[in-house]
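These notes concern the structure reproduced below.
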Amino acid sequence: MNSDEILAKITTIMRETFNAPALVISPEMTAKDVKGWDSMKNIWLIVAIEDSFNIKLTTSEVIKVESISDYVALIQDKISN
Amino acid sequence: MIFHSLDYLLFFIFVVAVYWTLNRKLQVIFLIGMSYFFYGYIHPWFLYLILTSTVVDYFCGLSMERHPDHKQTALLVSVVTNLGLLGFFKYFGFFVDNVSELLLMFGLPGFTNNLDIYLPVGISFYTFQTMSYTIDIYRDQLKPRKNFLDFALFVSFFPQLVAGPIERAKNFLPQIECERTLTVKDVQSGLFLLIWGFFKKMVIADNVAFIANKLLFLEETSFLLVWVGAFAFGVQIFADFSAYSDIARGSARLLGFNLSINFNHPYIAASPAEYWKRWHISLSSWIHDYVFLPLALSRKLRTATAGLIVSLFITFFLNGLWHGAGWNFILWGIYHFFLILLYGWARSHTPESIRDNSWLRPWQVLLMLFWNHISFLIFWEWELAYTLRNLTLSPFANSEIQIQTAKFLFGQTLLYSLPLWGHTLFAYIQERFFAKECWQVTLFQTVASMIMFFGILVLRGDSVDFIYFQF
């Protein structure tokens, strides 16, 4: 799965998680750029990403994530391993 | 030593004058010595506690690198030591009193707490700061430091030792380890932070504290008096605590360090989630990273909604408890937990087009201020019975004299709080229309500093301790 495909899948997950069908995301976006991306929604997002990509993320991995591109890189790394 | 004293002024001038004549290594040794003097000035035996925390966490950090198989044991030693110190000195009396009351409730003999434990100021701050060091090493986010002196300064750095900001090792240690410089810009911004901090503490917080204390200690009170009291306390606690952070940041900047921003105009938050990103940022981000996240992502809690709610409850319970050994603080934490839940639920049931409409924001800010005023009343009052009384007073039962007093004191508090709102407005205008460094901003800061300097001379209130010293 390449980074564009991962990004597309994350977009779908985020639209559902944040209940925002019109949400458009880009790799450089952070939690500050997305309305409603708070700590609680972040947990929903992590769990949805885990289920959708069939991976497990640890606290140490998640805490380093600052932008969407960090998520893409982390997911890519997890899938390839 | 307290910031708003002549002792600190003389101490700080001496520190800055000597500090910049030394090389990096000597600067570190000198700052450790001065920090220990600063802390020991309050009470010399406090130094044993900070030294214990420093030595234990230094060796735990090294041990995690040398013995990766026993990482968890080293982390446990660090956490137990720090929480043990905090638990004994801050919560022991509270725990014993509550157990005794519980026993009495069941008809069993209670006991008296004869140990009068003196709370060492700053213990809640530096224990959290050192724990972030060992936890980050455990999580492979940080390399342990071999230089004991650099680490000792990270734990004891006097500007932020007593009431934060709680610095993270990965931000602050690299600043200790490199050569420091002092530019004209650093001097300008450092002095502005210092004078703004002293103004907020000595003119706003100390004067408004008088009003808040008068109103909230009244035995015979009314709805208007209590709510003006809450307003005054809200102004006081923000001015007081953010003043400490600004003086800490200003002092640090004149020594070549950049401490993190602790307050970002919290009273313009439109929701509880936003409020916690603006209020006491160094504590809320600490609690988020080291309590909430590991709990919510733990195997048992991560999937179910109930798990998230439990994690959130524990987080806010501990946030409240961190503030002090009293049920009012715990209740305050639980109140904020319910606010977060309520807003989370309301947001998910509001159409996308409405919930982020910018026209609604001023109303959302006002509503958040209202919720905050309830939280001030919970936070302030140690006796639950009085909290309940305060929150259930009838808005229509105010005598004429109570109405006049409330009007007068509301006007006074509003007047004292104007610089705080002005600062928020200035930050907004600066962000929108001016570059970060331009002559207009420098000119404004210079004029404002001069006005504030005279304000301190003429308008200073009776000196009151910083509120967060008790935490």
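No lab work stands behind these numbers, since they all come straight from the coordinates. Small disclaimer: the values here were computed from a predicted structure and weren't measured. All Cβ positions, even for glycine, are placed from backbone atoms using ideal geometry, and neighbour counts span all protein chains on display.
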Check your understanding: Counting partner chain Cβ atoms within 10 Å of every residue's Cβ in A:42-54, what's the average?
Key -> 3
Review point. What residue among A:ALA22, A:ALA31, A:ALA48 shows peak mean-square fluctuation when chain A is described by a Gaussian network model with Cα springs under 10 Å?
Key: A:ALA22
Revision key, fill the gap. Going through B:LYS71/B:LYS143; A:LYS9/A:LYS78; A:LYS32/B:LYS200; B:LYS146/B:LYS170; A:LYS56/A:LYS78 one by one, the pairs whose alpha carbons sit over 19 Å apart turn out to be A:LYS32/B:LYS200
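Taking beta carbons within 10 Å but only from partner chains, what does the mean come to for residues A:9-19?
Numbers: counts 0, 0, 0, 0, 0, 0, 0, 0, 0, 3, 7.
Taking the mean over all residues of the peptide, I get 1.
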Practice item. Kindly provide the Kirkwood hydrodynamic radius of the range B:6-180 in Å, to one decimal, from all pairs of distinct alpha carbon atoms. Key: 17.8
Point to revise | Share of Cα-Cα pairs in the protein assembly as shown lying beyond 39 Å, as whole percent | key: 32
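Exposure proxy check: B:THR54, B:THR442, B:THR305, B:THR127 ranked by fewest other beta carbons within 10 Å? Let's see the in-between values first.
Details: B:THR54 20, B:THR442 14, B:THR305 8, B:THR127 26.
By the 10 Å Cβ count, ascending, the order reads B:THR305, B:THR442, B:THR54, B:THR127.
From the square roots a ≥ b ≥ c of the eigenvalues of the alpha-carbon gyration tensor of the range B:136-272, which class results: rounded (a/c under 1.5), prolate (a/b over b/c), or oblate? Kindly include the intermediate steps, with their values, before the conclusion.
Numbers: a/c = 2.88, a/b = 2.01, b/c = 1.43.
It is prolate, given that a/c is not under 1.5 and a/b is the larger ratio.
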Exercise for review: Give me the distance between the Cα centres of the range B:414-451 and the range A:7-36, rounded to whole Å.
Suggested key: 35
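If neighbour count is taken as other Cβ atoms inside 10 Å, put B:SER353, A:SER3 in order from fewest to most. If you can, show how the numbers build up before the last one.
Working: B:SER353 8, A:SER3 13.
The order, fewest Cβ neighbours first, is B:SER353, A:SER3.
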**Study point:** Relative exposure of B:LYS277, B:LYS146, judged by other C-beta atoms within 10 Å (fewest first)
**Key:** B:LYS146, B:LYS277
Study note, to complete from the structure: Check: C-alpha center the range B:129-184 vs C-alpha center the range B:1-39, spacing in Å is 17
Practice item. Return, for the Cα atoms of chain B, the radius of gyration and Dmax in Å, separated by a comma. Key: 23.4, 73
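Share of Cα-Cα pairs in the range B:322-367 beyond 17 Å, in percent?
Details: 528 of 1035 pairs.
Counting pairs separated by more than 17 Å, the tail of P(r) holds 51 percent.
Is there a quick way to get the dipole size of chain B? I mean about its Cα centre, with the Cβ of Lys and Arg at +1 and of Asp and Glu at -1; what is the value in debye to the nearest 20? Spell out each step's value before the answer.
Values: 31 positive and 30 negative charges, 244 e Å.
Charge dipole of chain B: 1180 debye, to the nearest 20.
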Check your understanding: Rounded if a/c is under 1.5, else prolate if a/b beats b/c, else oblate: with a ≥ b ≥ c from the C-alpha gyration tensor eigenvalues square-rooted, which is the range A:3-80?
Key -> rounded
Review point. For the range B:334-471, what number results from the quotient of the Cα radius of gyration and 2.2 N^0.38 Å?
Key: 1.43
Study note, to complete from the structure: Expressed in angstrom and ordered largest first, the alpha-carbon extents of the range B:355-407 along the principal axes are 40, 29, 15
